[in-house]
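I have placed the structure first, in the form of structure tokens, so that the comments after it can refer back to it.
The values are calculated or read from the model by the stated rules, or taken from the named source; none is laboratory data. Note that the structure is a prediction, hence the values are computed from the model and not measured. Side chains included, ligands, DNA and RNA excluded: accessible areas come from the protein's heavy atoms. Shrake-Rupley method; radii C 1.70, N 1.55, O 1.52, S 1.80 Å.
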Amino acid sequence: MTRSRSRGSSRLGSLTAYRVTSLCGRAVVAAAFLLHALSLADSSWAEFGPGVPAPFVFGLIEGLRYLAVAVEVVGAALLFVPGATAVGALMLSGTAFVTLFARVFVLGGSPLGPLLLFLAGAAVVGRRRRELIAIWRLHTRPHRPSLAAARR
């Protein structure tokens, strides 16, 4: 009996350690994305890319910058919602990829920050891929007709 208790407490300890490290990792990723969103909101993308025309910069790109800030804040918040962690991480890694693409091909500047953010978001997505599969299966399963349609 002592052996089974020690095995059970060992499993409980490892599960607790997994949950704590998962929470700490998500907190670090969320903090990194919030800092990136703060830097995006504080700066202007007009200072990047000398070859980009000014009306284009102040129109479309400025709107996309604010959209990226909003998506990063919502995604960072979703990292702590049970069942929505994978969706938040997918939003964050997608936004980081678009920011990386914009830095490399349109705006110029160092792509290292968005690359590291993309890899951090992709790591959380990889750890939570089962949540995404469960959400996909839930929303793509065939639905039974409702009772009202069956009575007709």
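Among the residues of segment 88-121, the ones that are closer than 21 Å to Leu23 by Cα and open to solvent by 40 Å² or more (accessible area, probe 1.4 Å) come to 5 in all.
On the basis of being open to solvent by less than 40 Å² (accessible area, probe 1.4 Å), among the hydrophobic types (A, V, I, L, M, F, W, C), in a helix (DSSP H, G or I) and modelled with pLDDT of 80 or more, does Val20 make the cut? Here the answer is no, as Val20 does not meet what is asked.
Let's see how each residue does on (1) among the β-branched types (Val, Ile, Thr); (2) at pLDDT 80 or above; (3) assigned to a helix (DSSP H, G or I):
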| site | (1), (2), (3) |
| --- | --- |
| Ala102 | no, yes, yes |
| Phe105 | no, yes, yes |
| Gly109 | no, no, no |
| Leu119 | no, yes, yes |
| Val124 | yes, yes, yes |
| Glu131 | no, yes, yes |
| Ala148 | no, no, yes |
